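The values are calculated or read from the model by the stated rules, or taken from the named source; none is laboratory data. Keep in mind the model is a prediction, meaning the values are calculated, not measured. All Cβ positions, even for glycine, are placed from backbone atoms using ideal geometry, and neighbour counts span all protein chains on display.
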């Protein structure tokens, strides 16, 4: 069939179709789709253009456009004739207040998002991120960190033991040792991860929690810099105007050691939020860094504690129940 | 440690309120909380018991007439020690005590207006054996805080394990003196010389490593009786119950100086011989708490030459304690090796006031001070008389380290300039002996009571601590450091989490510790803790699936039945024996349960989760995150009933399917429907994620589609046909998608027909029928032959 014949045929069919002007908009729509739709009769004719010899293509295009315009205006005038009444009835049936189609809602666990927030803050000031094992030997978890077997400091953390007196790490500080054993200074890392404590479960303690360890070793690292870094972190995390203090404390692997307290105006008291200090030269000796040359600071941030403060969660066990009514709030 | 403020005040003037003192000590590194503060107790006053009558309806109760200076009240009291004419602490109706509010009450038919208080009811101590009796000259009707607060106000201190010296009132006084500049007033004691020598004490140190110093002396003519009121009050305010003058004196010196001593009843050491030796393996010993211990060869014993009388530095033996009729005692003031005491006390599970101090490092020089303090107190308050020469077995004097402290190092560590004047003041105040050294440095010798000061950094810490952490500037810029190699190897974890959350999954965090039975469900041998918290938390998880099943169960029980959950976490396996046999893997797992479409106004029936909703989620995940389409291949798995290995780029990255119901049953969970789930290897995904992604040019030419309808045996999987077609490796074939499945008897028994939609495209031209006809023919013939298929018209 030549193109001309095809055009004629389509025109005929369109006339037949609109002879009895349908009253229902849906029928009218069907006619529009059949002839003027994306895959309608007119479009099909356009699709054959490729097969037409190049010298005839311009003429064919012109004819097809005429057909398209003709059908379109005929169609439009029918729609107009149908008047506003039918449009209105269509609008009446549309109830925009009905709920949308269902799609399940996901959520990100508050520990994950808090962990990411902490990571992002430190990454933004030049810290890299490292990871390490949850099950480690006593040397990396304790001895190398100057937590000696026969010193009472060893009792500061209740420990789970597994075979060969290996331990479920009690802090992410074990990774400090792995890092320094494997890298030459200077280094600057944070280490997120899960840590374990053999403590009875209660609203304020769980048998595991998450930490972000920090370690910076360079030639001239000072306590003032440690204060600067952590002051920046706390203010980014909890707001520019929070009140904090650095309080002397004791950790065998840092000296001087400090804890940071955050003032809680609601409870009218200081809350301990993280521990830190200057890397003890004994730790440097254990990993083969020359303590005469290198100085450093380290810190450990409890993620659950951060999240509990941030979201005002009162019971640490809520994080591990995975109650959807809890999860959906984050 | 319980710090009595009144006691502290004996050695340094305390002008602060309890709260101010607590804050000062906290900022010095001794976390302090108020333990006793009576200033908030209203309606609690001094009063007098005018009469005590037996309660008509209860044998153990009394009805007392209590006069508060203006009125007399009926008060029912159950204390055995209540007597007429006593001055007591009276909590009136309306008083709020730490234990609750006092109201008018009827007790066995008798109306009681308030309460006569014991110490525990005021929060002074745990004492509840009787009511608190005040001195006879106490005036009536005074608020109790006026009378008792000065005596009983106390702080609870958390002392770090490196500061044994701070486990005493003098130790804390020294810190306050240094911080405030107020004078430290140490108690004086005489070096007593015996007048009549009746005893000759012999001390043999068989183990002078475990016991470097032992001082002993005998005191006779002791009269055991009550302690003086002031000592009772100081001990009580520090939370220590008064027992008798001799025992109290030992406790008093302990809390005053921090040095533990032991007072033996002389009948235990009748021959005045002390032999300090290691226990024999298996040797038995009964301590004064009547516990029988089987000892090892590292336990250190005090013996009378043969039989043991005390576990050195830990506890005396049964019978060694001073009794009511004791008249003669031997005083021990020793220095025991910290490690020896710690090993001993730890192995026996005996933490005592004495062992706590020795294991942290007592002061070898304080042994003398404590000894003579005891002798002089026994003389003054128990009629005691020294009747032997004082033997001081101290073969090798413990020397203090010499430390060079450099000004430059202080400034470098602190990050600021701390003046020489401050540094010298701090050292002097801490009792450090110093002389000026070369190049702006000091040659220092720390005092014997500070075993924690061994190195320069220990002194630097002290300087900065006393200078004040708050006075060190906040330095908010510093030299940067570039790390070129993989600054965060797991940075893209965030994308994985975000993608699952975006697909409607909720992230869970489960306990890594679980019951062995749960950890074994995966068929993997779990890592076991040797000292578990409980049987339910004994093993490390080997898979994330069991935790997620628990979460489904928990949420069903709490009213949520439609769940899509996922978790990222570490799992462990004990692959072979020992620490080296433990492996740790990062895993991602997810579960689908209940409806994928919750019934709603647009879709009244809703839709249940199925293998295809699981597969859809995973397809979506892989496409979104990696731009890859995963392949599933049937496999076997301990946790999945129907399990399919998921392959990406020819690497198996995980498994999916539905979870064996037997696991749900083994875990005793109330989950009825099928649980669909998946487990992915995080590191394999991260590896793929780390591959570079390159832009593919968008095709300029139109596609052309063909549908092929095959009649197939039921047993043939659509995926097999698709894989076969793809393997023909036709570059123009862009996709093969099954778009319709039809089953009808007319097709024949066990037959189905599947329509495959094939899309072709060429990068250099518009395809025409003739371009794809050959490949279509090839596909038809191969499918016909390989799958026993027929083309359906």
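Scan region A:201-214 and give yes if some residue there is in contact with a helix residue (DSSP H, G or I) (Cβ under 8 Å, 6 or more places away or on another chain), part of a strand (DSSP E or B), at pLDDT 95 or above and within 8 Å of another protein chain (Cβ to nearest Cβ), otherwise no.
For region A:201-214, residues in contact with a helix residue (DSSP H, G or I) (Cβ under 8 Å, 6 or more places away or on another chain), part of a strand (DSSP E or B), at pLDDT 95 or above and within 8 Å of another protein chain (Cβ to nearest Cβ): absent.
Would you check if residue A:139 is surrounded by fewer than 17 Cβ atoms within 10 Å (Cβ to Cβ) and either at the interface with another protein chain (Cβ under 8 Å from one of its Cβ atoms) or at negative phi (or both)? Talk me through it step by step, then tell me what you get.
Values: surrounded by fewer than 17 Cβ atoms within 10 Å (Cβ to Cβ): yes; either at the interface with another protein chain (Cβ under 8 Å from one of its Cβ atoms) or at negative phi (or both): yes.
In short, yes.
Which residue out of A:57, A:15, A:38 is without any contact (Cβ under 8 Å) to a residue 12 or more places away in the chain and outside any helix (DSSP H, G or I)? First the steps, then the outcome.
Details: A:57 fails: outside any helix (DSSP H, G or I); A:15 fails: outside any helix (DSSP H, G or I).
When all the criteria are applied, what remains is A:38.
On the basis of being surrounded by 14 or more Cβ atoms within 10 Å (Cβ to Cβ) and closer than 19 Å to residue B:222 by Cβ, does residue B:272 make the cut? Don't jump to the end; show me each part of the working.
Numbers: surrounded by 14 or more Cβ atoms within 10 Å (Cβ to Cβ): yes; closer than 19 Å to residue B:222 by Cβ: yes.
When the stated conditions are applied, residue B:272 passes them.
Filter region B:115-148 down to the residues that are in a loop (DSSP other than H, G, I, E, B), without any contact (Cβ under 8 Å) to a residue 60 or more places away in the chain and crowded, with 20+ Cβ neighbours inside 10 Å and list them by number.
Once the filter is applied, which keeps residues that are in a loop (DSSP other than H, G, I, E, B), without any contact (Cβ under 8 Å) to a residue 60 or more places away in the chain and crowded, with 20+ Cβ neighbours inside 10 Å, region B:115-148 yields only B:132.
Among the residues of region B:371-388, is there at least one that is in the same structural domain as residue B:276 (by TED's automatic domain parsing), assigned to a loop (DSSP other than H, G, I, E, B), touching a strand residue (DSSP E or B) at 6+ places or on another chain (Cβ under 7 Å) and crowded, with 23+ Cβ neighbours inside 10 Å?
From region B:371-388, those in the same structural domain as residue B:276 (by TED's automatic domain parsing) are B:371-388; that's our starting set.
Of the ones still in play, those that are also assigned to a loop (DSSP other than H, G, I, E, B) are B:383-384, B:387.
Narrowing the set further to residues that are touching a strand residue (DSSP E or B) at 6+ places or on another chain (Cβ under 7 Å) leaves B:384, B:387.
Okay, now just the ones that are also crowded, with 23+ Cβ neighbours inside 10 Å, so B:384.
Within region B:371-388 (the criterion being in the same structural domain as residue B:276 (by TED's automatic domain parsing), assigned to a loop (DSSP other than H, G, I, E, B), touching a strand residue (DSSP E or B) at 6+ places or on another chain (Cβ under 7 Å) and crowded, with 23+ Cβ neighbours inside 10 Å), the answer is yes, since at least one residue qualifies.
Counting only residues that are exposed (fewer than 14 other Cβ atoms within 10 Å of the Cβ) and touching a residue at least 12 places away in the same chain (Cβ under 8 Å), which one in region B:275-287 is nearest to the chain's Cα centre (by Cα)?
Restricting attention to region B:275-287, the residues satisfying the condition of being exposed (fewer than 14 other Cβ atoms within 10 Å of the Cβ) are B:280-282, B:284, B:286.
Okay, now just the ones that are also touching a residue at least 12 places away in the same chain (Cβ under 8 Å), so B:280-282, B:286.
Details: B:280: 36, B:281: 34, B:282: 34, B:286: 33 Å.
Only one residue fits best here, namely B:286.
Of these, B:166, B:154, B:105, which one is over 30 Å from residue B:390 (Cβ atoms) and modelled with pLDDT of 90 or more?
On the way: B:166 fails: over 30 Å from residue B:390 (Cβ atoms); B:105 fails: modelled with pLDDT of 90 or more.
B:154 is the lone residue from the list that is over 30 Å from residue B:390 (Cβ atoms) and modelled with pLDDT of 90 or more.
Take region A:264-278 and flag every residue that is at pLDDT 95 or above and farther than 19 Å from residue A:157 by Cα.
The one that is at pLDDT 95 or above and farther than 19 Å from residue A:157 by Cα: A:278.
Do any helices (runs of 4 or more DSSP H) entirely within region A:271-330 hold 3 or more residues that are touching a residue at least 24 places away in the same chain (Cβ under 8 Å), and if so, which?
Details: elements: A:281-287, A:303-311, A:318-321, A:324-327.
Correct list: A:281-287, A:303-311.
Applying the selection to region B:407-417, what residues are closer than 23 Å to residue B:447 by Cα and either within 37 Å of the chain's Cα centre (by Cα) or at pLDDT below 95 (or both)?
At the first step, the residues of region B:407-417 found to be closer than 23 Å to residue B:447 by Cα are B:407, B:409-410.
Once the filter is applied, which keeps residues that are closer than 23 Å to residue B:447 by Cα and either within 37 Å of the chain's Cα centre (by Cα) or at pLDDT below 95 (or both), region B:407-417 yields B:409, B:410.
Can you tell me which of B:44, B:75, B:66, B:52 is buried (at least 21 other Cβ atoms within 10 Å of the Cβ), more than 47 Å from the chain's Cα centre (by Cα) and in the same structural domain as residue B:134 (by TED's automatic domain parsing)?
Details: B:44 fails: more than 47 Å from the chain's Cα centre (by Cα); B:75 fails: more than 47 Å from the chain's Cα centre (by Cα); B:52 fails: buried (at least 21 other Cβ atoms within 10 Å of the Cβ).
Selected residue: B:66, the only one of B:44, B:75, B:66, B:52 that is buried (at least 21 other Cβ atoms within 10 Å of the Cβ), more than 47 Å from the chain's Cα centre (by Cα) and in the same structural domain as residue B:134 (by TED's automatic domain parsing).
Among the candidates B:618, B:626, single out the residue that is at pLDDT below 95, surrounded by 15 or more Cβ atoms within 10 Å (Cβ to Cβ) and at negative phi.
On the way: B:618 fails: at pLDDT below 95.
Every option except B:626 fails the conditions.
Restricting attention to region B:490-520, and to residues there that are more than 7 Å from every other protein chain (Cβ to nearest Cβ) and touching a residue at least 40 places away in the same chain (Cβ under 8 Å), which single residue is farthest from the chain's Cα centre (by Cα)?
Looking at residues that are more than 7 Å from every other protein chain (Cβ to nearest Cβ) and touching a residue at least 40 places away in the same chain (Cβ under 8 Å), I get B:499.
Quickly run through region A:231-250 and pick out the residues that are facing chain B (nearest Cβ under 9 Å) and under 21 Å from residue B:465 (Cβ atoms).
Our first condition is that a residue be facing chain B (nearest Cβ under 9 Å); within region A:231-250, this holds for A:231-232, A:245-250.
Within region A:231-250, A:231, A:245, A:246, A:247, A:248, A:249, A:250 qualify.
Determine, yes or no, whether residue B:590 is touching a strand residue (DSSP E or B) at 6+ places or on another chain (Cβ under 9 Å), within 13 Å of another protein chain (Cβ to nearest Cβ), crowded, with 18+ Cβ neighbours inside 10 Å and closer than 15 Å to residue B:677 by Cα. Before the answer, list the steps.
Working: touching a strand residue (DSSP E or B) at 6+ places or on another chain (Cβ under 9 Å): yes; within 13 Å of another protein chain (Cβ to nearest Cβ): yes; crowded, with 18+ Cβ neighbours inside 10 Å: yes; closer than 15 Å to residue B:677 by Cα: yes.
In short, yes.
In the list B:724, B:765, B:731, B:752, which residue meets the criterion of being more than 60 Å from the chain's Cα centre (by Cα) and either over 22 Å from residue B:697 (Cα atoms) or assigned by TED's automatic domain parsing to the domain that holds residue B:633 (or both)? Give the derivation first.
Details: B:724 fails: more than 60 Å from the chain's Cα centre (by Cα); B:765 fails: either over 22 Å from residue B:697 (Cα atoms) or assigned by TED's automatic domain parsing to the domain that holds residue B:633 (or both); B:731 fails: either over 22 Å from residue B:697 (Cα atoms) or assigned by TED's automatic domain parsing to the domain that holds residue B:633 (or both).
Answer to the selection: B:752.
Name the residues in region B:521-552 that are without any contact (Cβ under 8 Å) to a residue 40 or more places away in the chain, buried (at least 17 other Cβ atoms within 10 Å of the Cβ) and in a helix (DSSP H, G or I), would you? Reasoning before the result, please.
Start the filter on region B:521-552 by keeping residues that are without any contact (Cβ under 8 Å) to a residue 40 or more places away in the chain, which leaves B:529-542, B:547.
Next, from what is left, pick out any that are buried (at least 17 other Cβ atoms within 10 Å of the Cβ): B:529, B:532-533, B:537-542, B:547.
Matches in region B:521-552: B:537, B:547.
Among the candidates B:280, B:321, B:312, single out the residue that is out of contact with any strand residue (DSSP E or B) (no Cβ under 8 Å at 6 or more places or on another chain) and either farther than 24 Å from residue B:197 by Cβ or not assigned by TED's automatic domain parsing to the domain that holds residue B:244 (or both).
Values: B:321 fails: out of contact with any strand residue (DSSP E or B) (no Cβ under 8 Å at 6 or more places or on another chain); B:312 fails: out of contact with any strand residue (DSSP E or B) (no Cβ under 8 Å at 6 or more places or on another chain).
Residue meeting the stated conditions: B:280.
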